[in-house]
Amino acid sequence: MSNEYVLASKKEGLMKFVEKPLYGAIVVLMFPIGIVLMTGCARHPKHSPPSVETNLHTYDVIVKDVDGNPIENAEVEYTSKNQTFLQDTGAEYTGTDGAVSIEVKATPDPKYTFPGGYNTVFEYTAKKEGYNSVRGIMRSRARTLVFEKDHVTLIKPTDYLDQDFISSAEGIELKVKILAIVDLIKSQGLLSKALLQKRSIKLLEFKAKRYLSIGFDSVNVYNVLQLNRYDIGKRLFHQIVRKILGPLNQHISDPRAFYGYDIVIRGRTKSLAGKYAPIEDIMYSFFIPIDAVREYKNKDISGQALLDRSIILMDDERVEFRLQ
């Protein structure tokens, strides 16, 4: 074998040896570059914003009279809010069932990352000519379809008069004066500690004398562990009786029509020692002569002298109150 052949063979083998690793290295180097290029060319998927779920809160207002009968064509003015944003204002009129129904769109509170806080507010005023208007407010945070409902009683001044007294032919002029006093009590809020009882105003006979009777409900609940029945009666005299005698003496006093006033008050008591102790009623009646009221308002006699000339019943038992 010649030297030229050996050298040629060695050269060829050397070239093959060099070419193989070089080719492999190029392939290895190009593979990640291809991946990078492919990755760079691929489109990233777009993430669409989550959809906002909208629900409905339905608010019903049912308007009735003092006897529970639906009032037709009563106007319900309203304002609705979704979250803190005003959504709608308007007015609807009740049908024969005395009801209106308003839908309010509810969306989640954006402060939360999860669905929640479907806050809506519904404010309304129910009114009809001849009746005292009533305002109310309802709220909901429900995530699903919800129905909120308010029952509203509209009252007219004659609703405070006893039905037999209204239908009687006597005392027409007196009834007109009484209705004026009712408006005064309601419009000016003369009694913050009591509510005028419906169907309570009437003329009645007591001990052969005629009295104009008016009923009130105390708004306070008294703790029997701190005040006894006599203490409660004296407080009711100061909070209610003394305040109502002024308007009565000024606007209604008529010795020809009646002898005195019968101020009836339903007091409420509870023992705060027990969480679930029941509320119990105590009935007080103050039979006060007209002339004694006049002298008291003219500052001719004291409150104690006024009580001494009156007849006081506590749960239908005659009692006496000492103010000092």
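Out of the residues in region 283-324 that are in a strand (DSSP E or B) and hydroxyl-bearing (Ser, Thr, Tyr), which is nearest to the chain's Cα centre (by Cα)? Looking at residues that are in a strand (DSSP E or B) and hydroxyl-bearing (Ser, Thr, Tyr), I get Tyr284.
For region 128-156, taking the residues that are crowded, with 18+ Cβ neighbours inside 10 Å and over 12 Å from the mean Cα position of the chain (by Cα), the one that is nearest to Val61 (Cα to Cα) is identified as Thr153.
For region 300-308, the condition holds for at least one residue, the condition being that it is touching a strand residue (DSSP E or B) at 6+ places or on another chain (Cβ under 9 Å), in contact (Cβ under 8 Å) with a residue 24 or more places away in the chain and surrounded by 20 or more Cβ atoms within 10 Å (Cβ to Cβ).
So, in region 167-192, of the ones that are out of contact with any strand residue (DSSP E or B) (no Cβ under 9 Å at 6 or more places or on another chain) and over 22 Å from Val219 (Cα atoms), which residue ends up most open to solvent (accessible area, probe 1.4 Å)? Within region 167-192, the match that is most open to solvent (accessible area, probe 1.4 Å) is Glu173. The residues of region 75-99 that are of a type in the set (A, V, I, L, M, F, W, C) and modelled with pLDDT of 95 or more, listed by number, are Val76, Ala91, Ala99. Taking the criterion of being without any contact (Cβ under 8 Å) to a residue 24 or more places away in the chain, of a type in the set (Gly, Ala, Ser) and closer than 21 Å to Ser140 by Cα, the residues of region 58-97 that qualify are Gly90, Ala91. The set of residues in region 229-265 that are of a type in the set (Lys, Arg) and under 18 Å from Leu204 (Cα atoms) contains only Arg256. Of the residues making up region 63-82, those that are farther than 15 Å from Ser133 by Cβ and open to solvent by less than 30 Å² (accessible area, probe 1.4 Å) are Ser80, Asn82. The residues of region 251-270 that are open to solvent by 30 Å² or more (accessible area, probe 1.4 Å) and either under 19 Å from Val219 (Cβ atoms) or free of Cβ contacts under 8 Å to residues at least 12 places away in the same chain (or both), listed by number, are Arg256, Arg266, Arg268, Lys270.
The values are calculated or read from the model by the stated rules, or taken from the named source; none is laboratory data. The model shown is predicted, which means the values in this text are computed figures rather than measured ones. For neighbour counting, all protein chains shown are included, and Cβ atoms are generated from backbone atoms with ideal geometry for every residue, glycine included. Surface areas here come from the heavy atoms of the whole protein model, side chains and all, with no ligands, DNA or RNA. Shrake-Rupley method; radii C 1.70, N 1.55, O 1.52, S 1.80 Å.
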